[in-house]
Amino acid sequence: MIIEYHEAPDVKKLVDNIAENLNFFHVVPQFVYCVRSKGSKSRRVLARIHGLGRIWQEALRQPPSYIIEVISENYDKLSQADKEKTIIHELLHVPKGFTGGFRPHKGYIDQKTIETYYRKLQDLKKKNMQTRLNNIVFPDSESSV
């Protein structure tokens, strides 16, 4: 079976949200593309990140760019928490210089690091929800009487 690739706006929204909330300032959102692949035989891979290497950048006169590919057969059935952890993992591969290259797992990416960022993301979500709740204006029952 041939692998098919489709744009993944839901993944792009998640990538942008995570990069913004976790202050991954080195990630340039307009040069991070997201696709969903279908037809992969892979059983263990949830997602991959692809970079536009320097030689391609020079030859095509393009800026550094990345593609996050989620493997539909594996990624789509994950819980929201596991999807967020997967995207955090992939974004951790992007080096601080946003050069088109990659950070290796060793020394940069491990389960502890991913969990730390995930907890920070959850804490921010809770704070944002509390702020929204605090800013809701309820009609003053006494002034309408």
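Write down the Kirkwood hydrodynamic radius of the chain, to one decimal in angstroms, obtained as one divided by the mean of 1/r over all alpha carbon pairs.
One over the average 1/r among Cα pairs gives 17.1 Å for the chain.
With θ set to phi - 60° and the Karplus curve 6.51 cos²θ - 1.76 cosθ + 1.60, what are the ³J(HN,Hα) couplings of region 33-42 in order, to the nearest whole Hz, using x for Gly and Pro?
Going residue by residue, I get 10, 10, 10, 10, 9, 10, x, 6, 8, 4 Hz, with x marking Gly and Pro.
If a paramagnetic tag sat 7 Å from the Cα of ARG48 along the Cα-Cβ line, which residues of region 72-92 would have the backbone N under 19 Å from that point?
72-77, 86-92
Based solely on its DSSP helices, what 222 nm [θ] is calculated for the chain when runs of n ≥ 4 H residues each add -39,500 (n - 2.57) and the sum is averaged over all residues, nearest 500 deg cm²/dmol?
For the chain, the value works out to -13000 deg cm²/dmol.
Taking the Cβ-Cβ separation of LYS12 and LYS41 as r and a Förster radius of 30 Å, what is the calculated FRET efficiency to the nearest 0.05?
Calculated value: 0.75.
All of the numbers you see were taken from the coordinates with simple rules; none came from a lab. What you are looking at is a predicted structure, and each value in this text was computed from that prediction instead of being measured. Neighbour counts run over all protein chains shown; Cβ positions are idealised from the backbone, glycine included.
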